[in-house]
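For reference, the structure discussed in these notes is given below.
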Amino acid sequence: MHKKPRNTLWRSRVKAIGTGGLAIAGLALAAPFAMAEVKPSLNMYGATGLIDMPSGEAQPDAQLSVTTSHFGPVSRNTLSFQITPRISASFRFTGIRDWNKTAACQPSCTTGLDQFDTYYDRSFDLRFKVLNESRYLPAITIGLQDFAGTGLQAGEYIAATKNIAPNLKITAGLGWGRLGSYGDIGAPFGKRPKVNVGFGGKFNFDQWFRGPAAPFGGVEWKFNDRWTFKGEYSSDAYVTEAGTRSTFDRKSPFNFGVEYQPSEYYRLGAYYMYGSTVGLAGQIFINPQKRPSGGIADKAPNPVKPRPSRSSAPDAWSTDWVTQADRAPALRNDVAKRLQDDGIIVESVGYSAGKVQVRIRNTRYLNNAQAIGRTARALTQTMPASVETFEIVPLANGVPASRVTIRRSDLEDLEFSPNSIAEMSQRVSVAGENGSTAGFDQNPDLYPAFTWSLGPTARFRFFDQKAPFKLDVGIKATGRFELRPGLVIAGEVTQKIAGNLKDRPPLPDRGRLQPVRSAVYFYDKEGTTAIEKLAVHWHSKLGQDIYGRVSAGYLERMFGGVSAEVLWKPAGSRLALGGELNYVKQRSPDQHFGFDLPVYMYETDSGPKTGPSSYSTVTGHVSAYYELGNGFHVQLDVGKYLAGDIGATFRLDREFANGWRVGAFATKTNVSSADFGSGSFDKGIKVVIPLNWGLGTPSRKTSPVELRPFRRDGGAKLEVDGRLYESVRGYHQSGLDNQFGRFWK
Amino acid sequence: MTVFSPLRMLALAIMAMTLASCGSDKSSTDVTGSVKVIATAMTGFMRKDQPTQVQDLGLTRAALATLPVPAKRITLEKYGQQALVVQIGTNKDVETWSSVDKITLSMRNGVVVATRGLIDDLMTASVPSLSMLSHGSSHTRTHSLLNGEDKPRVLRFDCQVARHGRVNLTIVERSYTTQHVTETCTGAEGSFTNEYWLEAGGKLRRSRQTISDFVGPMTIDSLD
């Protein structure tokens, strides 16, 4: 595959911003040691830092950190991701106990903020490292803490960290917001306006770096391989927690602690906080670029079988075989047998004297290049010598996703070349046009096919303001009836066994929107035996680069109806365009066959409400997908959402060649913040973990997790299976190119 | 307190999930897989490399005589495993040998240029020829592996060959007089020493060659 120039625009912009950060280089300390010896650690917020204060460093690129920390009444659970070497983001769930202990309304607090014994809050942070540490200059980071929240956690900072000895580093910084609440030196950038919280979730631009600023700082001393001592001076007065709410006693600005790190995967910490309480922290580190199992255990592929030279074996090069009767099923069977252990199903084979095309279904390898590579090597074992050109057409949902053309002599020549991966990738070509299958020999036993499964299932509800998560466990049965390539009837039935999703979460008042998602609690509660999905899906290739899908039936837990989609995606293009149109009706919460909406479904905490006894809508989007390069992907959807609101969704993902994906999304529609409710607009993060990464055995399955601070009715999309873009792009040029390392595996 | 109480629920869930799933479509019950991922990931994180006792195949010449084709014996010290391999293919001057459970190694005159089926395989390599090894040389080696993201990871080494005189070897009841040669390689990402035992006439009787950090060295004995 021919390499295209990577998109460097994004990188150069980061550099440009980076050099602007030299303004506070005055904090730099001259030091004889240039390189960091003590790894960047995390603070109680799960962000790179000291104990309660941030530092100027960043975590290793792509690292995911999961942190839980507790001191006094304060608990924080944080997921952080180092998006690029300089940019990181955190998503945090905070709980403050004894919240209403001293409230005026005691002993019976029922309204407003005082009703909670424990106050729960969610926050997002963003950090940008403007300067890397060098011989004389420190690492410098600018950070926004809880930059789009209710303001309680909000703070901004600039922090500098320098290694001054092989195992000693110091940090100094300046904080605003809550990080400027103790020992301030005045307000260099003017007054901090009062936050207009409203429904939260908005960017509080006008607050950032305003109001009193206070210095903070500390040291980290790694006194042996596993133990680190930390000491800091905190500029956080805990105005609300220690002041207004009296949840703990803040006696001193100094915090001390020790951290123990026995492996590169986790760290534990114990601290003495604010002169009065003890703190504990646990941190787990996962790097998508590092498989815990070391790799994927799998059997060796077929080796390449070179052909004899034409002069030494002229008979082997004869083309008489082309016209032989019964030769086609025999050749198809030969290659199918060679690929059986690899989970690659051969659907059909067509050939001429010099060329063969095989159509395959890859059921085993998440890495598509590996499936192509194994198929190509199996063909060298089975095809007569005159066949020089191999065309491999992978099928996605029964539809040809691309045509990969490989010259047999390249396989023979490059198998053991020291640079075989790069050399081969330049010789493989990928096209969107795949030709007709007229005259192909089809495997007659593949259709119709019925497959089923029965196994355990779990459903989670995260962060419902009463607990970090709740869950139900049960049994799930699935069935797939494939009638012919591209046409399938698929269903999913679950039976709940136990769990606590029936515990009622807070059901805040909603605006005028239909509860297309906020009534999910009633679907969890009523759907003991649920037909989660039962639909017919038809996938088709409509033209050279055009793919189509029509789905009809019970498409998802909350909606049934008809969904049609078209996608334009040339095999060599980084850009794809698509459109989807759905007519759907909201399903009954019991998730049987009906569409009647019971009146209890509209209930909120302020009492019974009414709503229509049935709800149907037309929803759809036009979408643009673009691959930025370096593994970054963006997607923009514009259209009408399930509740009838109109707007757009933006997604940014970082994708790793091994299948990991970490991304964020936000949807803004014409719904007012008041109608949307808490959070103001729909947003969240999505992490996709390939099962093979952790299992260490081949599997195409991935485990996607979506985390949203608030799930409301605005900006909600239909969740239908088999959307086109993700199913075809992996077999296109850049998809195969990114994964080409495993072609020879 | 409330922050921790769901742990009990999670424990319950994990117990439920470890129930095996069944059916003809294994891929659709993803939860069992997810739990396995967490379990293997966590045990992987805790794992330490420990040398394992090699389980000897217990070969005899009488048993070898019943094999229809020549065989080699490979020993992976780190896994504590031995296996017999037989030749399954030749591409130009590279022979590929495979074990029954489909671990393959590809060699040019006995010098390993690739492996498959070993988790962290040697994808390809540029290696010295056998005559460079037997006559003593200094050369460079490149090993191409895959990193955790499946991108090629090329390691470069500068190597020195040294001859250590005659050594008598016994391999499955038979004795051989060999010339012991070492190839010491150093690079930015580590160093290793490969060893070769050559018979008069240049036949490679035994070698111990490094595959990757993860796999460690592989000992290959010619049993013909």
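Here are some notes:
- Taken together, A:354, A:343, A:373 contain a single residue that is surrounded by fewer than 22 Cβ atoms within 10 Å (Cβ to Cβ) and in contact with a Phe, Trp or Tyr (Cβ under 9 Å, 6 or more places away or on another chain), which is A:343.
- Enumerated strands (runs of 3 or more DSSP E) restricted to segment B:105-156, each holding at least 1 residues that are surrounded by fewer than 18 Cβ atoms within 10 Å (Cβ to Cβ): B:124-126, B:138-146
- Options A:229, A:223: the member that is surrounded by 14 or more Cβ atoms within 10 Å (Cβ to Cβ) and either in the same structural domain as residue A:171 (by TED's automatic domain parsing) or free of Cβ contacts under 8 Å to residues at least 24 places away in the same chain (or both): A:229
- Screening segment A:569-598 for residues that are in a loop (DSSP other than H, G, I, E, B) and among the small types (Gly, Ala, Ser) and picking the one that is farthest from the chain's Cα centre (by Cα) gives A:594.
- Note on segment A:452-488: residues that are within 30 Å of residue A:540 (Cα to Cα), without any contact (Cβ under 8 Å) to a residue 60 or more places away in the chain and surrounded by 17 or more Cβ atoms within 10 Å (Cβ to Cβ) amount to 7.
- Residues located in segment A:46-65, provided they are part of a strand (DSSP E or B) and closer than 17 Å to residue A:229 by Cα: A:48, A:49, A:54
- Between B:78, B:102, the distinction of being under 24 Å from residue B:181 (Cα atoms), within 13 Å of another protein chain (Cβ to nearest Cβ) and at pLDDT below 95 belongs to B:78 only.
- Residues located in segment A:419-437, provided they are more than 14 Å from chain B (Cβ to nearest Cβ) and either touching a strand residue (DSSP E or B) at 6+ places or on another chain (Cβ under 6 Å) or in contact (Cβ under 8 Å) with a residue 40 or more places away in the chain (or both): A:428, A:429, A:430, A:431, A:432, A:433, A:434, A:435, A:437
- Residue match in segment A:110-122 (condition: under 25 Å from residue A:70 (Cβ atoms), without any contact (Cβ under 8 Å) to a residue 24 or more places away in the chain, in contact with a Ser or Thr (Cβ under 8 Å, 6 or more places away or on another chain) and not acidic (Asp, Glu)): yes
- Test result for residue A:157, modelled with pLDDT of 95 or more and over 23 Å from residue A:682 (Cβ atoms): yes
Table: residues versus (1) surrounded by fewer than 17 Cβ atoms within 10 Å (Cβ to Cβ); (2) touching a residue at least 24 places away in the same chain (Cβ under 8 Å); (3) in the same structural domain as residue A:692 (by TED's automatic domain parsing).
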| site | (1), (2), (3) |
| --- | --- |
| A:263 | yes, no, no |
| A:274 | no, yes, no |
| A:278 | yes, yes, no |
| A:302 | no, yes, no |
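- A single member of A:712, A:708 is in contact with a helix residue (DSSP H, G or I) (Cβ under 8 Å, 6 or more places away or on another chain) and either away from every other protein chain (no Cβ under 14 Å) or free of Cβ contacts under 8 Å to residues at least 60 places away in the same chain (or both), and it is A:712.
- Residue in segment A:280-300 that is within 14 Å of chain B (Cβ to nearest Cβ), surrounded by fewer than 19 Cβ atoms within 10 Å (Cβ to Cβ) and touching a His at 6+ places or on another chain (Cβ under 6 Å) present: yes
- Options A:80, A:69; residue that is within 14 Å of chain B (Cβ to nearest Cβ) and part of a strand (DSSP E or B): A:69
- Across segment A:233-261, the qualifying residues are those that are crowded, with 20+ Cβ neighbours inside 10 Å and within 14 Å of residue A:279 (Cα to Cα), and the one among them that is nearest to the other protein chains (Cβ to nearest Cβ) is A:248.
- Flag if residue A:391 is over 29 Å from the mean Cα position of the chain (by Cα), within 14 Å of chain B (Cβ to nearest Cβ) and modelled with pLDDT of 95 or more: no
- Residues within segment A:55-83 that are among the β-branched types (Val, Ile, Thr) and either surrounded by fewer than 18 Cβ atoms within 10 Å (Cβ to Cβ) or in contact with a Cys (Cβ under 7 Å, 6 or more places away or on another chain) (or both), tallied: 1
The rows are residues; the columns are (1) surrounded by fewer than 24 Cβ atoms within 10 Å (Cβ to Cβ); (2) within 16 Å of residue A:349 (Cβ to Cβ).
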| position | (1), (2) |
| --- | --- |
| A:378 | no, yes |
| A:382 | yes, yes |
| A:394 | no, yes |
| A:410 | yes, no |
| A:418 | yes, no |
| A:425 | yes, no |
| A:429 | yes, no |
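- Scanning segment B:108-133 for residues that are hydrophobic (A, V, I, L, M, F, W, C) and in contact (Cβ under 8 Å) with a residue 60 or more places away in the chain, we see that the one that is nearest to the other protein chains (Cβ to nearest Cβ) is B:119.
- Verdict on residue A:718 being of a type in the set (A, V, I, L, M, F, W, C), assigned to a strand (DSSP E or B) and away from every other protein chain (no Cβ under 14 Å): no
- Condition check for residue A:386 on (1) within 14 Å of chain B (Cβ to nearest Cβ); (2) closer than 19 Å to residue A:321 by Cα: one failure, at (1).
- Residues (among the aromatic types (Phe, Trp, Tyr) and touching a His at 6+ places or on another chain (Cβ under 8 Å)) located in segment A:588-633: A:625, A:626
The values are calculated or read from the model by the stated rules, or taken from the named source; none is laboratory data. Note that the structure is predicted; figures quoted are calculated from it, not measured. Reconstructed Cβ throughout: ideal geometry from the backbone, glycine too, with neighbour counts over all protein chains shown.
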